[in-house]
Each structure stands twice: as structure tokens, then as C-alpha cells.
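The values are calculated or read from the model by the stated rules, or taken from the named source; none is laboratory data. This is a predicted model, so every value here is computed, not measured. Cβ: placed from backbone, ideal geometry, glycine included. Neighbour counts: every protein chain shown. Keep in mind that these areas ignore ligands, DNA and RNA; they rest on the heavy atoms of the full protein, side chains included. Shrake-Rupley method; radii C 1.70, N 1.55, O 1.52, S 1.80 Å.
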Amino acid sequence: MENNDKTPCNEHVKCMELLELILDGEAKDGEKDYYFAHIEQCMPCYRAHNLESAIRTVLRNNVDKKEVPADLVHCIKSKIRETV
Amino acid sequence: MADNDHPQRYSEQKKVQIFDGEFLPHIDAMYNFAYRLTFDEDDAKDLVQETYLKAFRFINSFEEGTNAKAWLFRILKNSFINDYRKKSKEPNKVDYNEVETYYNSEDANAEITPDLRVEALQDMIGDEVTNALNSLAVDFRTVIILCDLEGFTYEEMAKILDIPIGTVRSRLHRARNLLKDKLKSYAQSMGY
Ligand SMILES: [Zn+2]
């Protein structure tokens, strides 16, 4: 790593914007190339990347999911049958 | 998305086929979205039921094979705003300054030394993450649900929420920072 933790990244603002685009699947190929080459060299951005992806993983995997009430589909379908 | 410019004319049989084949498979995501908006099982059930009945009533404005999930989420979100949000105690609007540039230098410096650590996050159980998400104001909660839990694109979110893509992005950015703050205080209380 050329840039350790103590050296602030002078492109950090741009990188953080790219980070969101990349993790949201909205970055263009050129942006991805730039970004991934950059974080290999830059510790602050690399750490930010790891933290942000961990937050997304934890959201996807750990937020409670509710079971759909067993009769809901039946309720909906019978209401619709009344209207047809 | 609702394509009202070119309404279809489906037969009754076709309507039922689209409804069963394209709408009902999303019931799980719809119910969870409704529950995360209302925090009440009965309200969530009513909201989902109402959404599906509306979807059937307006099925001619849905083009077969297009994005049914986004279309349904949009109807649900509108029903929620019209019928549920009014009677809830939640403040109606968050005070945002959404148009301003949100990546200011102060923000950037704060992010150079994030004191929330990946290990702390990994030790969090569902409750803490769920509570952190649920504590956000509804507009912020909604963008995180749509993006991170349901995987909608910015463009789909813009259509579901009737806001420009730039607003989607700034709202998401703010929502994530708020969420991070909550997670940070959980991490601190866990001794990290
Ligand atoms: Zn950097």
C-alpha cells in the first residue's frame, strides 16, 4: 500500500461517491477500473470500501424478515373473484 | 412502470393469468415492505391487500412482461402515503436539504477515519440492525429498503418514489450516514 492510514487521500471525495455507485451496481466500467485500481493503493479508501460493503451485507442478511400471513393470498384472490 | 399512455385490453382470463403469474410472486417482498413502513402486522396485511386489489383494477395500465415488482411497489408506496401516513404519528416530512452537494469536505474528512469497525458490524445480530433501520424516518428507511434489501436500481427507485435520480442518490447517502451513526452507537454500547 502506498497510502497508509495516516495519509489522507486527496481524491477521497470522488472515491466515496464512486464507492456508493459501485456498491449499488450503478458504476460504469471506466469508473470501476479507476476505483479498484485506486483502492489497491489507498488504505483510507480501501477501509471505507470494506466498511460500506459490510454494512450492506449485514443489512441484506440480518434484517428480520416477516412471514407472509398464511391466508393473505387466499383473501386477495377471493376479493378479486368477487369483482370479476 | 405504469404505462398509462398505452393502456392494454386484457381479457378477464388474461388478467387473472398476469395477476397470478407476475404480481403474486412478489407478495413476500410486498408484505415485508408494508410491514417495515407500518410496523404493524394488520396494517401491513391491509396495505398489501389494498395494493393488490388496486393492481388488479388498473391492470390494463400494466404492460405484460415489464417490471411488475417496481409497479407494485409504487402502488403500495402511494397507498401508504395516502391512507396510512396521515393517521400515523410519524412526522410527515423530514427536514432535508436534498439538492445541495452532499459530498462536502467536512463529510469526507469524517469518513477518512471511520470509527465503526467491520468486526463490530459482524458481531451484530438481527435485532440491532433491524432496530437501527427502523429508527430512521420513513423516507430514509424507504430508500434503504428499496436499494439494499430489495435491490432496485436508482432509476426504478426514482419511479417508485416519484423523485429525480439525483434526489434518490442524495437521500440514500444521507440515509446511510444516519444508519451508520446508529450502528456506531450500537457498536459502542457493545464495547467496541
Ligand atoms: Zn483514496
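What to note about this one:
- Dimensionless Rg over Rh [segment B:8-53; C-alpha; Kirkwood]: 1.10
- Cβ-based charge dipole, the protein assembly as shown, positive-most Cα from A:ILE80, A:CYS9, B:ASN67: A:ILE80
- FRET efficiency estimate (nearest 0.05) - Cβ-Cβ, B:ASP83 to A:VAL84, R0 25 angstrom: 0.55
- Burial here means at least 50 square angstrom less accessible surface with every protein chain in place than with the chain by itself, probed at 1.4 Å; in segment A:28-69 the buried residues are A:LEU51, A:ILE55, A:VAL58, A:LEU59, A:ASN62, A:VAL63, A:ASP64, A:LYS66, A:VAL68.
- Share of pairwise Cα-Cα distances greater than 18 Å in chain A is 58 percent (whole percent).
- The residue list B:PHE58, B:HIS26, B:ILE81 was ranked by how far each Cα lies along the charge dipole of segment B:7-89 toward its positive end, using unit charges on Cβ atoms, and B:ILE81 comes out on top.
- Largest-first ordering by accessible area, 1.4 Å probe, given options B:SER11, A:SER78: B:SER11, A:SER78
- Loop exposure criterion: GluC sites (Glu not before Pro), DSSP state outside H, G, I, E and B, at most 11 other Cβ atoms within 10 Å. Applied to chain A, the longest stretch between such sites is A:3-66.
- Computed from phi, the 3J(HN,Hα) profile of segment B:51-60 under the Karplus parametrisation 6.51, -1.76, 1.60 (θ = phi - 60°) reads 4, 5, 5, 4, 4, 5, 4, 9, 4, 5 Hz, with x in place of Gly and Pro.
- Debye log10 I(q)/I(0) for the protein assembly as shown, one point scatterer per Cα, at q = 0.07, 0.10 Å⁻¹: -0.30, -0.59
- Area buried, chain A against chain B - accessible surface, total, 1.4 angstrom probe, square angstrom: 4100
- q = 0.24, 0.26 Å⁻¹: log10 I(q)/I(0) that the Debye formula gives for segment B:7-89, counting C-alpha atoms only: -1.11, -1.25
- Cα-Cα over 20 Å, subset of A:LYS79/B:LYS45; A:LYS28/B:LYS77; B:LYS14/B:LYS69: A:LYS28/B:LYS77
- Spin-label pair B:ASP115/B:ASP127, simplified geometry with 7 Å Cα→Cβ offset, distance in nm: 2.5
- Protection proxy ranking, peptides B:133-145, B:16-28, average beta carbon neighbours within 10 Å, highest first: B:133-145, B:16-28
- Relative contact order of segment B:113-189: 44 percent, from C-alpha pairs under 8 Å at least 6 residues apart in sequence.
- Protein accessible area in segment B:7-89, 1.4 Å probe - carbon and sulfur %: 46
- Highest GNM mean-square fluctuation among A:LYS65, A:LYS32, A:LYS14, for chain A modelled with Cα contacts below 10 Å: A:LYS65.
- Descending semi-axes in whole angstrom, ellipsoid equivalent of segment B:113-189, from the Cα gyration tensor: 25, 12, 10
- The mean of 1/r over all distinct Cα pairs in segment A:38-84, once inverted, gives the Kirkwood hydrodynamic radius of 14.6 Å.
- Taking the Kirkwood radius as Rh and the Cα radius of gyration as Rg, segment B:132-173 has a ratio of Rg/Rh equal to 0.94.
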